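Submitted below is the structure of interest, expressed as structure tokens.
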Amino acid sequence: MELRSNAPTGPIEKRWDQHRFDMKLVNPANKRKFEVIMVGTGLAGAAGAASLADLGYNVKAFCYQDSPRRAHSIAAQGGINGAKNYQGDGDSIHRLFYDTVKGGDFRARESNVYRLAQVSVDIIDQCVALGVPFAREYGGLLANRSFGGAQVSRTFYARGQTGQQLLLGAYSALERTIAGGKVKMNTRCEMVDVIVSEGRAVGIVTRDLVTGKIESHLADAVVLATGGYGNVFYLSTNAKGCNATAAWRAHKRGALFANPCFTQIHPTCIPQGGDYQSKLTLMSESLRNDGRVWVPRKHDDVTKDPRTLSEKDRYYYLEEKYPAFGNLMPRDIASRQAKFVCDEGLGVGPEINGVRRGVYLDFADAIKRDGKQTIAEKYGNLFEMYERITGEDPYQVPMRIYPAIHYTMGGLWVDYNLMSTIDGLFVGGEANFSDHGANRLGASALMQGLADGYFVLPYTVGNYLATKGKSKVTESDAIVKQTVDETKARFQRLIDVGQKGHQTVDSFHRKLGTYIWDHCGMERKADGLKKALAEIPKLREEFHADVKITGSGEGLNRELEKAQRVADFFELGELMCRDALERDESAGCHFRTEHQTNGECVRDDERYAHVAAWEWKGKDVAAREGNQVRHVEPLSFEYVKLTQRSYK
Amino acid sequence: MNENIDLKLHVWRQNGPSDGGRFEDYTGYAKNISTHASFLEFLDVVNDRLILDGKEAIAFDHDCREGICGSCGVVINGQPHGPQRATTTCQLHMRKFQTGAEIWVEPFRARAFPVVKDLAVDRSGFDRIVQAGGFITARAGSAPDANEIPVPKTVADKSMDAAACIGCGACVAACPNASASLFTSAKVAHLGLLPQGQAERMKRAISMVGQHEKEGFGACSNHYECEAACPKQVSVEFIARMNRDHLKAQLTYVESAGKDGGAG
């Protein structure tokens, strides 16, 4: 299969403009004749649904939460990048583009990244117009801060709740279009399959989470904005409900899944406390602007009160190893360095399985320099959250942090138009693979979600509808009934097994997560990945034979919801390991221990300067060897020279 | 470092809006709970034990478990989100309870919040209040440069204080009148304080207050229980502000009668 990116050629700064001009338009009077399905109401979904509705299309939107305002975009703390250069510190669209390509370790498509940097400017304007209360200077103009991996201050923020405020902005636009009758919102309703007729996505199958009803919804185009798959790991910073089912079901109907092994570890999370733990909590990495990361130099000091250790007994490992960037090193390197010092026995905090997994993030110097008031203004809510969870006061005692899985750069493969390999199936936000390569820079997820939703999908979906016309499939077509019936059968199998099984859904999910974290987490190596590939199918089979689910298929049943998501995580987790094994290089967050110099990635551009996109070959059976085929989209770099990343 | 406690647990079970509902005693399932677990992780442990006993898990809404999505929220011993100030249920940790403590867990109760199942309630009334006017109309692509409209820092900060609302509904559950005035006023104030929000300010106040009433939420009679229960400590001063806007709007706001003419 040849993967065509459909990316325009010509000067990079003109590509998006030219492409927009070349796209077909739908006459305003005809827009109301088209139906578009939007699955997910986070930044990409809410912004996309509202924008499509404002253009005149009829939108049916779906979310599993009780309100679209609760999508997990809401939890992003630190900020959103925009190449405004309001600080006059040398930023530009080209620099944001350059930083993103380089930060992604040269595994993203240049054209897409350039477009992202271009529209980043419009996003800030749009958000302010919607009433997002960004931080301001005393003169009334917008404030910025710097963020991991960047040497300019281009990050806009709203205290430590930037994701919340951006989502509430997009949500308010969505609610306005719901009130206007252009969007029909379906809450507590989960997409569980996509309907594909003659290669074209013509609708979805959903399960109403309150009544248990499984039914079809048809449209002329389908957009997935369903987020990432970090919850494969069980313990992640994702919301508990985040899942990969929509993306995975699309994959099994013909959408290629790209770079599944590119998963990002966030360096600043609160360390795990015990086995009851249901998720990990992220502390914004903006904290690294003022906090200093260190561990004790001597093994004997790891259990001592950190405040009693003198400067010479503290190992500020990021500042020492990388003086130019210091504590603002990109996420992947900061994370692995934390793991290295803990593996060396210098970690702090509670011992779990014989290792202390925590490093200090210390604000004492910043408080001395700027005063407690200033630090409280910047990070107050984060400090309070830390204290609620750990019972320790970070104004007094250094925080303890450790990396946790946070974001997935991989996702459904899309072309420049954000369309997957299924005609008419578009994918936006974290659910697609397109812009971050092998590593995402801080404050770029919010940017990409809103770029796709406000400024890309409204154009490219319109072009598709103008070109393809309306879908002719109706509820009475055989493919609709068949897809619904297959979904019903899938749920019935889980219910049947669930009545006889002995182990809870969560217990399986925890075990799966441990395999993936151990072998396909911060570090990967061939024999570990092979071991995981041997073990995961066994555990999956055990799941399908012995999972225990109480309650019935009718009505609200959280265990059943979780079970079908975990069933998909099993298959996706296995694919992640296969992808990690096949990508025999290190790139960004994909760190193969075989390919490194002193802990830093060594890429193999000759063999792997490409996107790996997996095609599902099997039927409704588990992925055995050969059930997925690996395709390649070569990447070429015309504007950013391929170099080894160096932050020394 | 870890310490475990035993609790006397009573949980409200209700199989849908038409069921009467009752407290069940789950003391047998609430032993040996880590004090470092969050309240929802405590319910997870209880649920695991119920499932292995062949019983249906307790249904409760939750998602981010970081105190920001607003999904979670139960009444613990009579207090929405439990005993810790400025803390959502998911951020409440079991170190706040002593071993042997008695815990009664029930859903947010209000006529406008019908029970979906057990501890999960239907808060879609909040969405409809936002639909009535909780927005600034600005289509993608139509915005001026972000720095064209300076906003004094004090105004932006005040707006942000109001915008911090997570829409959890604790204010309604805490109010003797089951009023959603704090929720509604937070949105009215967030947008009404900003220069960008002036064009629709009067219409917004009228529409949102009107929808609040239609949903069956009660009126505010200044008990201030809402502010005490609010996990984001949204201030009741915004209710006064909303009332001022609403009063002014009633006296001055006239729905535009202008008709768009043809373009020639």
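May I ask for the net charge around A:Phe34, where only other residues with Cβ less than 11 Å from the Cβ of A:Phe34 are counted and Lys, Arg are +1 while Asp, Glu are -1?
Counting the neighbours of A:Phe34, the net charge comes to +3.
Same structure, new question: Going by Cα centres, region B:38-95 and region B:104-168 are how many Å apart?
The distance from the Cα centre of region B:38-95 to that of region B:104-168 comes to 23 Å.
Any idea which of A:Gly291, A:Leu533, A:Phe491 is furthest toward the positive side of the dipole for chain A, if Lys and Arg beta-carbons carry +1 and Asp and Glu beta-carbons -1?
Checked the options; the winner is A:Phe491.
Any chance you could list P(r) for chain A, counting all Cα-Cα pairs in 10 angstrom bins from zero, rounded to whole %?
Percent of pairs per bin, in order: 3, 17, 28, 28, 18, 6, 1, 0.
If I model a spin label at B:Glu102 and A:Lys312 as a point 7 Å from the Cα along the Cα→Cβ vector, what separation in nanometres do I get?
6.1
Please compute P(r) over all alpha-carbon pairs of region A:1-139, binned at 5 Å starting from zero, and give each bin as a whole-number percent.
2, 8, 12, 15, 18, 19, 15, 8, 3, 0, 0, 0
Sticking with this one: For the protein assembly as shown, with the dipole built from +1 on Lys and Arg beta-carbon atoms and -1 on Asp and Glu ones, taken about the Cα centre, which of A:Gly78, B:Gly54, A:Tyr459 lies farthest toward the positive end?
A:Tyr459
Same structure again: For region A:356-380 and region B:170-206, compute the distance between their C-alpha centroids and round to whole Å.
After rounding, the separation between the Cα centres reads 34 Å.
By how many nm would the segment from B:Asp145 to B:Asn77 grow when fully extended, if each residue of separation counts as 0.36 nm and the alpha-carbon distance is taken off? Let's see the in-between values first.
Details: separation 68, 0.36 × 68 = 24.48 nm, distance 5.02 nm.
Once the chain is fully extended between B:Asp145 and B:Asn77, it gains 19.5 nm.
Using the Cα gyration tensor of region A:334-425, with a ≥ b ≥ c the square roots of its eigenvalues, what is the shape: rounded (a/c below 1.5), prolate (a/b larger than b/c) or oblate (neither)? Mind dumping the intermediate values first?
Working: a/c = 2.95, a/b = 1.64, b/c = 1.79.
The shape class here is oblate.
Let me ask you something else. Give me, ordered by chain and number, the residues 5 or more places off B:Phe108 or on other chains with an amide H under 5 Å from its own placed amide H.
B:Val75
Is there a quick way to get the dipole size of region A:95-199? I mean about its Cα centre, with the Cβ of Lys and Arg at +1 and of Asp and Glu at -1; what is the value in debye to the nearest 20? Before the final figure, lay out the partial values.
Details: 13 positive and 10 negative charges, 55 e Å.
Taking the Cα centre of region A:95-199 as origin, the dipole is about 260 debye.
Is any residue of region B:197-237 close enough, with backbone N under 14 Å, to a label point placed 7 angstrom from the Cα of B:Arg111 along the Cα-Cβ axis, and if so, which?
B:212-220
Here's something else I'd like to know. Tell me the Kirkwood hydrodynamic radius of region A:267-405 in angstroms, computed as one over the mean inverse distance between distinct C-alpha pairs. Write down the numbers at each step before the final one.
Details: mean 1/r = 0.0663 Å⁻¹.
About 15.1 Å for region A:267-405.
Additional query: Quick check on chain B: take the gyration tensor over C-alpha atoms, sort the square-rooted eigenvalues as a ≥ b ≥ c, and tell me if it's rounded (a/c under 1.5), prolate or oblate.
Details: a/c = 2.46, a/b = 2.09, b/c = 1.18.
Judged from the Cα gyration tensor, chain B comes out prolate (a/c at least 1.5, a/b above b/c).
I'd like to know which of B:Leu247, B:Leu193, B:Gly141 lies farthest towards the positive end of the charge dipole of chain B, counting +1 on Cβ of Lys and Arg and -1 on Cβ of Asp and Glu.
So the residue furthest toward the plus end is B:Leu247.
Suppose the Debye formula is applied to equal point scatterers at every Cα of region B:9-87; what is log10 I(q)/I(0) at q = 0.13, 0.14, 0.26 Å⁻¹?
These q points yield log10 I(q)/I(0) values of -0.44, -0.51, -1.55.
Something else about it: Any number yet on Rg/Rh for region B:1-158, C-alpha, Kirkwood?
Using Cα coordinates only, the ratio equals 1.11.
So, in Å, what gap is there between the alpha-carbon centers of region A:240-271 and region A:467-527?
13
To the nearest 20 Debye, how big is the dipole of region A:267-405 about its Cα centre, given +1 on the beta carbon of each Lys and Arg and -1 on that of each Asp and Glu?
On the way: 21 positive and 22 negative charges, 38 e Å.
So the magnitude is around 180 debye.
Can you compute the radius of gyration and Dmax for region B:123-252, using only the Cα atoms, both in Å?
Cα-based Rg and Dmax for region B:123-252 come out at 14.5, 45 Å.
So, by mean Cβ neighbours within 10 angstrom, what's the order for A:239-248, B:42-51 with the highest one leading? Show your work: numbers first, answer last.
Numbers: A:239-248: 25.5, B:42-51: 21.7.
Final packing ranking: A:239-248, B:42-51.
Also, I was wondering about something else. Assigning unit charges at the beta carbon (Lys, Arg +1; Asp, Glu -1) and nothing else, what dipole magnitude in debye, to the nearest 20, does the protein assembly as shown show about its Cα centre?
Values: 114 positive and 113 negative charges, 225 e Å.
The dipole of the protein assembly as shown has a size of about 1080 debye.
From largest to smallest, what semi-axes in whole angstrom does region A:479-633 give when each is the square root of 5 times an eigenvalue of its alpha carbon gyration tensor? Working shown, then result.
Numbers: eigenvalues 231, 69, 27 Å².
Semi-axes (√(5λ), whole Å): 34, 19, 12.
Can you give the mean number of other chain Cβ atoms that lie within 10 Å of the Cβ atoms in peptide A:237-244? Don't skip to the answer; put the middle values down first.
Values: counts 3, 3, 8, 10, 6, 2, 0, 0.
Rounded to a whole number, the mean comes out at 4.
Throughout, read-outs are computed from the coordinates displayed, never taken from laboratory work. Fair warning: this is a prediction, and the values are worked out from it, not measured in the lab. Every residue, glycine as well, gets a Cβ built from its backbone with ideal geometry; the counts of neighbours run over all protein chains shown.
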